[in-house]
Amino acid sequence: MAVPRGQFASTEIVDLAAIRQAQHHVEEKARPAAYSPTTSLEKIARDGRTPDEVHKLDWNEGTIAPPPSVTAAMMEYIQSAGGAYLKWYPHLSGGEALRLELASYCGVEDANLLVTNGSDDALILLCRALLAPGKVAVAPTPTYEHFCVNVAHTGAELVRVDLSDPFVVDVDAVATAVEHQRPAMVYLVSPNNPTGIEWPVESVRDLATRFPEVMFLVDEAYHEFGTPDGWTGEPRSCARLAATLRNVVVTRTFSKAFCLASVRCGFVVAHPSTIEDLRAYYNPKSVNQFAQVAAVAALRELDTYYKPYIAATRAARDAFVRDLQARGIAVRTGGAGNFVCLYLADGRTAELCRRLEAHAIYVRDLGARFPGHVRITIGLDMGKIADAIEATLHDMGHLTLAP
Ligand SMILES: Cc1ncc(COP(=O)(O)O)c(C=O)c1O
C-alpha cells in the first residue's frame, strides 16, 4: 500500500483506493521534513509584475488591500517620535489594546486569549505543548498540511482520517478514530482548507464532552468566510466553547478575511488554565508592533470595510461555482471558505497550474496530497479566471469529468 509520507508538497504517487480502504492510517515515521512552501511571490517579483497585474489565488490570502485607516495607523506608528519607537520591543503578549479589541470581537475575556505571530505560530505552540514522542494526533484529511509538519516535528504520530467524501462532514469517522487511537489531540479546521466543510459547534461540543482527555484544536483561520448563521447572520465559532471547556482550543488569524497576511498576527482562544499552560512555551515578544497596530485598526473597520468584502467574496465564490458548472467544469466545495477546488479526472493538475501562470493566474496544485485537485482562492472578479480556466482546459485537450 502506498501511504503518503509526512512531507509537505511531496510528489509521491498516492494509492487513494488503498488509503480509503484503511479509513484512517498512521503517518509513517520519518525524519521531519523542512517546511518548504511553494511561493508565487518570487515569481511575481521576478516577472516585474505589480499586485494589480496578477491574480494571486494560491494562498487563500485576502484579495483586496486593507482599508486606508490600517495603513495610516502603521505609518503613524513608524513615524511617531521620529521613528524612536522602533528601537524598542513591541508591547508584550500582543498588547492590551489588541487583546481588548479581540475579547470584544470574539465575545470572550482577556484571560481566554493568547496573541501569536500568525496562527501558524499558535499551531506550533499547541503542538509543542500537547504532543511528544509516543503521543498521537488525529486529523481528518485533506487539511492544512503545515499542521501535519508541526506534528512530525514533535515526534508524535499523525493519524489521518480519510472521510468517505472529503467534501462532506463526517463526525462519526472522527469519533471512531478517536476511540481507536486515543489521541492527545484532534485537529479540525473549520471551514476546512481545502474542502470548505464546517465542523458544527454542537458536534465539537459533543466530541469534547465524550472524550474529555482529548484536546480538540479547532483551526478557524477562515472563520469569517464561514456560512452565516440563519439567526445572527454571523458565522458560527467554537470560540465561546473554547473559553469554557478545558479541552477545546480555537486558533484564528488576520491573514485571511482581514487581508493582513504580511503582518503576521493570529491568536488562540482557550480556557484560562490552558492559556496559562501555553505561556510556558510562549514568547511574549513574538507579536511585532506593526501587527498589533494593524490588527487593532482592522478590527475597528470590521463593519465598515471587512463585512462588505466578506459578503462579496461569498457571493463571488457561489457565482464562480455556478459559472464553472455551467461550462461543464468539475468544481467542488463543502460550501464555506474563500476558496474552491477544481477536479481533473486525469490528474494533470501541475500542467493546469503551469499553464495558468502564463496568464498571471497563480493557483495551488494539491495533486500530491489530494490527487486531481487544484485549489483556487476566491477574489472579487472571477469571470476572467473562469474564462482562462475554460480556455486552458480546452487547450489541454479536455474538459474535466465529475469524480
Ligand atoms: C487552515 C489554516 N490554518 C492556519 C494557516 C496559517 O495562517 P497564518 O499563520 O497566516 O495565520 C493557514 C494558512 O493558509 C491555513 O490555511
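Nothing in this text is a laboratory measurement; each read-out follows from the coordinates by a stated rule. Remember, predicted model here, so these are calculated numbers, not experimental data. Here the Cβ is made from the backbone with ideal geometry for all residues, glycine too, and neighbour counts use every protein chain on show.
Taking every C-alpha pair closer than 8 Å and separated by at least 6 residues, the mean separation divided by the residue count of the chain gives a relative contact order of 21 percent.
Where does each of V136, V249 land when they are ranked from fewest to most other beta-carbon atoms within 10 angstrom?
Ascending number of Cβ neighbours within 10 Å: V136, V249.
Full extension of the segment from A261 to A84, taken as 0.36 nm per residue of separation minus the current Cα-Cα distance, would add 61.2 nm.
Over the Cα atoms of region 68-300, compute the convex hull volume and normalise it per residue, giving Å³.
Details: hull volume 27.7 nm³, N = 233.
Measuring per residue, one finds 119 Å³ for the Cα hull of region 68-300.
Working from label points 7 Å from Cα in the Cα-to-Cβ sense, the R322 to E42 distance is 4.2 nm. Report the calculated FRET efficiency for A350 and R210 (r = Cβ-Cβ distance, R0 = 51 Å), to the nearest 0.05. That pair, A350 with R210, gives E of 0.75. Pairs spanning more than 28 Å between alpha-carbon atoms, out of K43/K256; K135/K256; K256/K285; K256/K384; K56/K307; K43/K135: K135/K256; K43/K135. One decimal place: the segment E179-D229 gains 14.9 nm when fully extended, by the rule 0.36 nm per residue minus the C-alpha distance.
The ranking of S262, S255 by Cβ neighbour count inside 10 Å, starting from the fewest, reads S262, S255.
Please report the net charge: other residues with Cβ closer than 11 Å to the Cβ of T251, K and R +1, D and E -1.
-3
A Förster radius of 35 Å, combined with the Cβ-Cβ distance separating E53 from R279, puts the computed FRET efficiency at roughly 0.20. One quarter of the surface of the convex hull around the alpha-carbon atoms of the chain equals 19.6 nm², the direction-averaged projected area.
At an R0 of 30 angstrom, the distance between the Cβ atoms of D395 and D170 translates into a FRET efficiency of 0.20.
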